[in-house]
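A.B. asks: I am attaching a structure below and will ask some questions about it afterwards.
The values are calculated or read from the model by the stated rules, or taken from the named source; none is laboratory data. Keep in mind the model is a prediction, meaning the values are calculated, not measured. Methodologically, a virtual Cβ is constructed for each residue, glycine included, from the backbone with ideal geometry; neighbour enumeration extends over all protein chains shown. The area values use the complete protein model at the heavy-atom level, side chains included, leaving out ligands, DNA and RNA. Shrake-Rupley method; radii C 1.70, N 1.55, O 1.52, S 1.80 Å.
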Amino acid sequence: MPDGTKADLPSAAHIIADRIDREGPIPLGDYMAIANDHYYASKDPLGEEGDFVTAPEISQMFGEIIGIWLADLWLRKGSPGPCHYVELGPGRGTLAKDALRSMRKFGCDPSVHFVETSPVLRARQAALHPDATWHEDMASLPEDGPLLVVANEFFDALPIEQFIATSAGWRRQMVARDRSKFVAVPSEDVAEERVSGSMSGFPDGTILERSPVSVKLLGEIASRLTKQGGPLLIIDYGYIRPGTGSTLQAVKDHLPISPFDSPGASDLTAHVDFHTLANIARTRMLKTHGPSEQGQWLKSLGIDQRAEALMAASPKEIDNILAAHQRLTHVDEMGRLFQVMAATSLDWPDPEGFSYGEE
């Protein structure tokens, strides 16, 4: 039997090319899904030796703050039990390790559940969380208590669809082959019914993005929280108001490349539409909070004080701690690019870290 290594798998580029040869141009969302499924199934992309670095790998402070945020909500709700920590796309398990360590200091000791499909990353997570339970999707999560759901840099990797304005109406963005290259081309069929709202008046070439996969998943999470209680915390880069233009991007070896150059061998992402996700959450009877800039959110929850405590305890690490703090909070680094949004059950308290009283 194949051992599941990369050598045993056809490349994503081969799978995509074969499908295009058989069917013609395929939707951009299908291209992105095939590429990212292969990418995450075949490697650990995190860290300096990988393609990108996420906030939990930069400093323990990030996960600790999230843990304190969750524990505070749980305590103010009356410490309901049993409760369950759920992380979507938990990477190496680093965020969960730091968050759970903080939560347990406040008496919050939830069961641990990871929604993860990558066998490579599941193995890395198991090394830190041998007692965790893994899930392919939301359907198998426990139903007997509140869910404390965290999604850090998860929604940006979910497939998007793009629609481009032409003189003949809106067309769906497709991916075709041009000799040995993949290229984006508009569909031959008009796609007006897929573009909601008043979409007239846009100049030719205008691009709109949608993520039906994200909308469906947010709806599933919201339905669970409405029934079981608990918060959802989303941290990602994205936009807070509807806009136009392509945000599809690819990173390989920490450098930007064309999204069509190396499918399955690069990290394909798009900006998260926080506006739409918040609307979906509210239609499912959840309260939404934010979005707030990551830097402001972390500072309001005490990352400055935590950095000072770490520096006092480890003077030799002062430079590293200051650099990590800067990277997580400064407006020119992750502090402004990344947004934080929460959604909570109606009967749960308002979470800390967000401004209230202004609409």
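A.B. asks: With log10 I(q)/I(0) by the Debye sum over Cα atoms at q = 0.06, 0.09, 0.13 Å⁻¹ defined as stated, name the option among (i) -0.46, -0.72, -0.99; (ii) -0.23, -0.53, -1.09; (iii) -0.27, -0.59, -1.10 computed from the structure displayed.
C.D. replies: After the calculation, the listed value that fits is (ii).
A.B. asks: Now for a different question. With charges only on Cβ, +1 for K and R and -1 for D and E, what is the dipole size of the stretch 99-199 about its Cα centre, in debye, rounded to 20?
C.D. replies: 520 debye
A.B. asks: Got a sec? What order do 128, 298 fall in by accessible area at 1.4 Å, biggest, i.e. largest, first?
C.D. replies: Ranked from most to least accessible, the order is 128, 298.
A.B. asks: For each pair in 43/105; 97/299; 43/227; 77/105; 105/299; 252/287, compute the distance between the two Cα atoms and list the pairs where it is over 28 Å.
C.D. replies: 43/105; 43/227; 252/287
A.B. asks: In terms of solvent-accessible area of protein heavy atoms at a 1.4 angstrom probe, what is the ranking of 180, 345, highest value first?
C.D. replies: 180, 345
A.B. asks: In the chain, carbon and sulfur make up what percent of the accessible area (probe 1.4 Å)?
C.D. replies: 52 percent
A.B. asks: Tilt of helix 318-329 relative to the longest C-alpha principal axis of the chain, in degrees (0 to 90, nearest 10)?
C.D. replies: The angle comes out near 50 degrees.
A.B. asks: Counting only Cα atoms, I'd like the Rg/Rh figure for the stretch 206-359, Kirkwood definition for Rh.
C.D. replies: Here Rg/Rh amounts to 1.03.
A.B. asks: Once both axes come from the Cα atoms, what is the angle between helix 28-42 and the longest principal axis of the chain, in degrees from 0 to 90, rounded to 10?
C.D. replies: 50 degrees
A.B. asks: Please report, in debye to the nearest 20, how large the charge dipole of the chain is about its Cα centre when each Lys and Arg carries +1 at its beta carbon and each Asp and Glu carries -1 there.
C.D. replies: For the chain, the charge dipole is close to 420 debye.
A.B. asks: Between the alpha-carbon centers of the stretch 277-339 and the stretch 208-272, tell me the distance in whole angstrom.
C.D. replies: When both Cα centres are located, 19 Å separates them.
A.B. asks: Counting heavy atoms of the protein chains only and a 1.4 Å probe, report the per residue accessible area for the chain as a whole number of Å².
C.D. replies: That works out to 46 Å² per residue.
A.B. asks: Which one, 354, 39, 215, projects farthest toward the positive side of the charge dipole computed for the chain from Cβ point charges (K/R +1, D/E -1)?
C.D. replies: Farthest towards the positive end: 354.
A.B. asks: Show 32, 285, 311 ordered by accessible area, largest first, where the area counts protein heavy atoms only and the probe is 1.4 Å.
C.D. replies: Putting 32, 285, 311 in descending order of accessible area: 285, 311, 32.
A.B. asks: Now for a separate question. To test your reading of the geometry: what angle, between 0 and 90 degrees and rounded to tens, separates the Cα axis of helix 12-23 from the longest principal axis of the chain?
C.D. replies: Rounded to the nearest ten degrees, it is 40.
A.B. asks: Under 14 Å from the Cα of residue 316, which aspartates and glutamates turn up, not counting those fewer than eight places away in the same chain?
C.D. replies: 308
A.B. asks: Name all residues of the stretch 78-100 having a backbone nitrogen under 18 Å from the label point set 7 Å from the Cα of residue 106 along its Cα→Cβ direction, giving them as ranges.
C.D. replies: Within reach of a label on residue 106, which here means backbone N under 18 Å from a point 7 Å along Cα→Cβ, the stretch 78-100 contributes 78-87, 95-100.
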